[in-house]
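A.B. asks: Provided herewith is a single structure, encoded as structure tokens, for subsequent inquiry.
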Amino acid sequence: SGAGLLTNALQAATTLELGEHERVLAALPLCHSYMQNTCVWSPLLVGATVIVVPKITRKALLKGFGERPTAVLGIPQLFGLLCRMRDFDFSTVTLCFCGGDALHAPIKRAFELVYGRRLSNGYGLTEMGPLIAVNLFDGETPEYCVGEPVYGVAIQIRAEDGHALATEEVGEVWVHGENVMMGYYQAPEATNAILQDGWLNTGDLGWCTARGELVISGRSKDLIINKGINIYPQEVEAVISRYPGVLQVAVVGVVVDDEEVPVAFVMSEDETLLSGVASVHLSSYCQQHLAFYKTPRWFIIKRTLPVTSTGKIDKKILRIEAASIQAKTKE
């Protein structure tokens, strides 16, 4: 509803401590709820200036930074690109905030090392307006920690049968607040499937720390189940992303001999990784840091990975490609 969107915009402005003096650089398509509400409406509500970067290219970003922003809001891919370019002027920037997708530790560490600015992150969902939680903690937190819920939002971790789980137990993430959507347009069945008594099932898996911070384990639909054991793609991606030369990674499940196994798609510009011999090294590296069953069956290394209109890696396309590769191995 309009009230829900306005509530969330105010929640974002309050949590991020935006003021009228801010000059917010926002680099995302305007059709994205994160861009529209958190990056545009929140600053405008407090009288701040918004610098819209219509396309994530070097030319467009340089023009945007020429407006001397005080805050930079974007997705992980943006901050990864800034790390590779290394020459943007952050002298006026005091807030760097990442949302829209999981922030891998290597991107966070590299950005903070290159630009000397702390990269905060958060978590949201279109159905929530989108902001749910923000991690502004200046200290050590678990990987993929997205912080505490914003004011007015409650989070509960539930088992499949609906009962609430204890601290540090992984389950489905449910949220409640004034910014919960009214429902899907003319789709009552889809609405009823995820809305119960004002609580919304995000479709994500996660757990809460003793401090009340939310840690995301991944999307429930992305969960890989191998011989009854859960494999969280985000955990595998975190390990692979630390391997030298890896720029982006996505792990999907594919059925092989009636078993679901992980397959890793790796984006790199490193000629050694692209040469075709890297799969053995990546597999060995994963086995050093992961249980054997979590190690991807295959590593597909490419110069680019498919992305959605909002800049996220398109796992639907990758699942189709993985299934196609599996089919060819049977021929």
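A.B. asks: For segment 236-331, please list each of the helices (runs of 4 or more DSSP H) lying entirely inside it that holds at least 2 residues being surrounded by 19 or more Cβ atoms within 10 Å (Cβ to Cβ).
C.D. replies: Qualifying helices (runs of 4 or more DSSP H): 278-289, 315-330.
A.B. asks: Still on this model: Run down ILE231, ILE240 and say which single residue is at pLDDT 90 or above, among the aliphatic types (A, V, I, L, M) and over 23 Å from ALA166 (Cβ atoms).
C.D. replies: Unique residue meeting the criteria: ILE240.
A.B. asks: Any residue at all in segment 27-40 that is surrounded by 22 or more Cβ atoms within 10 Å (Cβ to Cβ) and over 20 Å from the mean Cα position of the chain (by Cα)?
C.D. replies: Scanning segment 27-40, I find no residue that is surrounded by 22 or more Cβ atoms within 10 Å (Cβ to Cβ) and over 20 Å from the mean Cα position of the chain (by Cα), so the answer is no.
A.B. asks: Restricting to segment 228-249, count the residues that are among the aromatic types (Phe, Trp, Tyr) and closer than 19 Å to VAL146 by Cα.
C.D. replies: Going through segment 228-249 one residue at a time, the tally reaches 1.
A.B. asks: Confirm whether LEU95 is over 13 Å from ARG23 (Cβ atoms) and modelled with pLDDT of 95 or more.
C.D. replies: It is false that LEU95 is over 13 Å from ARG23 (Cβ atoms) and modelled with pLDDT of 95 or more.
A.B. asks: For segment 129-164, which residues satisfy the criterion of being surrounded by 14 or more Cβ atoms within 10 Å (Cβ to Cβ), within 22 Å of TYR232 (Cβ to Cβ) and of a type in the set (A, V, I, L, M, F, W, C)?
C.D. replies: Those that are surrounded by 14 or more Cβ atoms within 10 Å (Cβ to Cβ), within 22 Å of TYR232 (Cβ to Cβ) and of a type in the set (A, V, I, L, M, F, W, C): ILE132, ALA133, CYS145, VAL146, ILE155, ILE157.
A.B. asks: Go through the residues of segment 165-180 one by one and say whether even a single one is in contact with a Gly (Cβ under 7 Å, 6 or more places away or on another chain), in a strand (DSSP E or B), crowded, with 21+ Cβ neighbours inside 10 Å and polar (S, T, N, Q).
C.D. replies: The answer is no; no qualifying residue exists.
A.B. asks: Right, something else. Report every pair of residues separated by at least 6 positions or lying on different chains whose Cβ atoms are under 7 Å apart, first residue within segment 231-249 and over 14 Å from PRO76 (Cα atoms) and outside the structural domain of ARG303 (by TED's automatic domain parsing), second in a loop (DSSP other than H, G, I, E, B) and modelled with pLDDT under 90.
C.D. replies: Filtered contacts from segment 231-249: no entries.
A.B. asks: So, in segment 186-216, exactly how many residues are surrounded by fewer than 19 Cβ atoms within 10 Å (Cβ to Cβ) and not in a strand (DSSP E or B)?
C.D. replies: 15
A.B. asks: Also, quick follow-up: What helices (runs of 4 or more DSSP H) completely inside segment 27-146 contain at least 2 residues that are under 26 Å from ILE240 (Cα atoms)?
C.D. replies: Where helices (runs of 4 or more DSSP H) fall fully within segment 27-146 and carry at least 2 residues being under 26 Å from ILE240 (Cα atoms), they are 76-85, 105-115.
A.B. asks: Going by the conditions given, is VAL24 over 17 Å from the mean Cα position of the chain (by Cα) and surrounded by 18 or more Cβ atoms within 10 Å (Cβ to Cβ)?
C.D. replies: Spelling it out, VAL24 is indeed over 17 Å from the mean Cα position of the chain (by Cα) and surrounded by 18 or more Cβ atoms within 10 Å (Cβ to Cβ).
The values are calculated or read from the model by the stated rules, or taken from the named source; none is laboratory data. This structure is a prediction, so every number in the text was calculated from the model and none was measured. Every residue, glycine as well, gets a Cβ built from its backbone with ideal geometry; the counts of neighbours run over all protein chains shown.
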